[in-house]
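Comments concern the structure below.
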Amino acid sequence: MASHPHPTAAPAAPAAPKTTTALGIGLAGLALTAVGLLVDKPATVATSWLIGLTFWTGIALGVLLLVMIHHIFDAGWSTVLRRQFEHVLAVFPWLLLLFVPLLAVAWTNPTWIWKWMDPHFDLAAVGGHGTVGEDPLWVKKAGFLNRNFFTACTIFSFLAWWFLGTRFRRNSFAQDADGDLRWTHSSRKWAAAGIPLTAFTLTACIILWVKSMEYHWFSTMYGVWFFAGCIRAALSLGVVLMVWLYARGDYRGILNNNHLHSIGQLMLAFTVFWAYVTFSQYFLIWNANVPEETFWYNIREINNSDGQPNQWKWVGLFLLFGHFFAPFLVLLQYPVKVNKRVIPWVGVFIAFVFFIDLCYNVMPAKKLPNGDPYPFLQSGLFWNLTALAGVGGIFFWSYLRSFPATKLIPIRDPRIGESLTHHEMSAPPAGAAPASH
């Protein structure tokens, strides 16, 4: 196998894109969301902030996991993309800072979002009976569902993700300077430790932040569902960044069709994985027909008061087709995966559906006095969008701020030559026998 020289003559850093637009959008979104506390119910706005923050944190976690998967498998083709993911990892301290208002809510007005944090909360206000403290389902889970553990787990998780991100960034950036293989070995070791750590913390946090809003519900698939969404959204971000950098001119001569085809294959694979996980959860709950599980789907299909279909039923059908059938049928086609005009929009659509999926998981937990969920179009959807823009602006500002800190690609990574020459195999002439390997 031929060896390929490392492109050590690359410029010190790519031209820095402007960060002011992203920062402006972020600050405007934060300001609008804050105004919502004055003009709408604070509980509604706080819930929207949870959705926006969980969405962007999920993407950052997907990026972190993809970087670790790259290292643990010693992948070659993704080396040119890994540097952009490493820039994304700089966002974790900002996400922790943006989560502070939710921690403040947990300690001052927890029933805005998490009813179980107040043992004296009257469950009759949400169609239940008695108080939280008298609820045997909460009592059995109180070792996990308590405010101290919620706070400690959240802070520890963000610090762990931040720490892992800094390890991979440090190793990769340092290798550009000296080319020492010890940085590659260090990243591989941190990936081996970081994957299970991230899996446990990701699962604990999504249960505490979102699933616990309806703490009666049981699901052993919830962490895996969130993992699937995180990876899909991160891959979508990756393909958007690849094409954006190509359009800027940075990736010309670096990005080829097979890079797009490879990431498109992963997008297709995790589309099928999401469908498998989601169908398994729904089928197991439907088949067991246990009230502590079925109620979660019931309130997302019919009203508790009159048994009529509600708006969430149509949102659920949109998720079925938008999360699976549409991207599955599109990504099956090779020309789509390598079309630089089409594949970014496929990624944007997948990320958008992930956002709607989070709305579907969070918003129906806010119920009217008769036990019906608030309608989709009347439950703070505007604040969901301002929170999405606010956190998203800070997310991209952090990425763009890190972008000029080092070289465009990891020029001295041992796999960079393989990545740069990740070309497609030429099709054999018509009638020719396939080559044997």
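Bear in mind these aren't lab numbers, they're just calculated from the coordinates by the rules spelled out. These numbers were taken from a predicted model, which means no experiment stands behind them. Cβ atoms come from the backbone with ideal geometry, glycine included; neighbour counts cover every protein chain shown.
Under the rule that an exposed site lies in a DSSP loop and has at most 16 other Cβ atoms within 10 Å, name the longest stretch of the chain with no chymotrypsin sites (Phe, Trp or Tyr not before Pro) of that kind, not counting the sites themselves.
No qualifying site falls inside 219-437, the longest such stretch.
Contact order normalised by length for the chain, with contacts defined as Cα pairs under 8 Å and 6 or more residues apart; what percent is it?
Computed over the chain, the figure is 35 percent.
Looking at the range 327-364, which trypsin sites (Lys or Arg not before Pro) are DSSP coil and have at most 16 other C-beta atoms within 10 Å of their C-beta?
Lys340, Arg341
Can you tell me the orientation of helix 42-72 relative to the chain, as the angle in degrees between its alpha-carbon axis and the longest Cα principal axis, to the nearest 10?
The angle comes out near 30 degrees.
Evaluate E = 1/(1 + (r/R0)^6) for His423 and Lys140, where r is the Cβ-Cβ distance and R0 equals 51 Å; express this FRET efficiency to the nearest 0.05.
0.35
Filter the trypsin sites (Lys or Arg not before Pro) in the range 227-304 down to the DSSP loop ones having no more than 16 other Cβ atoms within 10 Å, then list what survives.
Here the sparse-neighbourhood loop sites are Arg252.
What is the distance in Å between the Cα centres of the range 18-64 and the range 285-300?
Here the two parts' Cα centres lie 32 Å apart.
Which lysines have a Cα less than 21 Å from the Cα of Lys407, not counting those fewer than 8 places away in the same chain?
Lys18
What angle do you read, to the nearest 10 degrees and between 0 and 90, between the alpha-carbon axis of helix 257-288 and the longest principal axis of the chain?
Approximately 20 degrees, to the nearest 10.
Counting C-alpha atoms alone, how compact is the chain: give Rg to one decimal and Dmax as a whole number, in angstrom.
Computed over the Cα atoms of the chain, radius of gyration and Dmax are 23.1, 77 Å.
Pulled fully out, how much extra length does the chain show between His261 and Leu97, if you take 0.36 nm times their separation in residues and subtract their Cα-Cα distance? Spell out each step's value before the answer.
Numbers: separation 164, 0.36 × 164 = 59.04 nm, distance 3.67 nm.
In short, 55.4 nm is gained.
Determine the gain in length on full extension of the stretch Ala269-Val39; use 0.36 nm per residue of separation and subtract their C-alpha separation, reporting nm with one decimal.
Using 0.36 nm per residue and subtracting the Cα-Cα distance, I get 78.4 nm.
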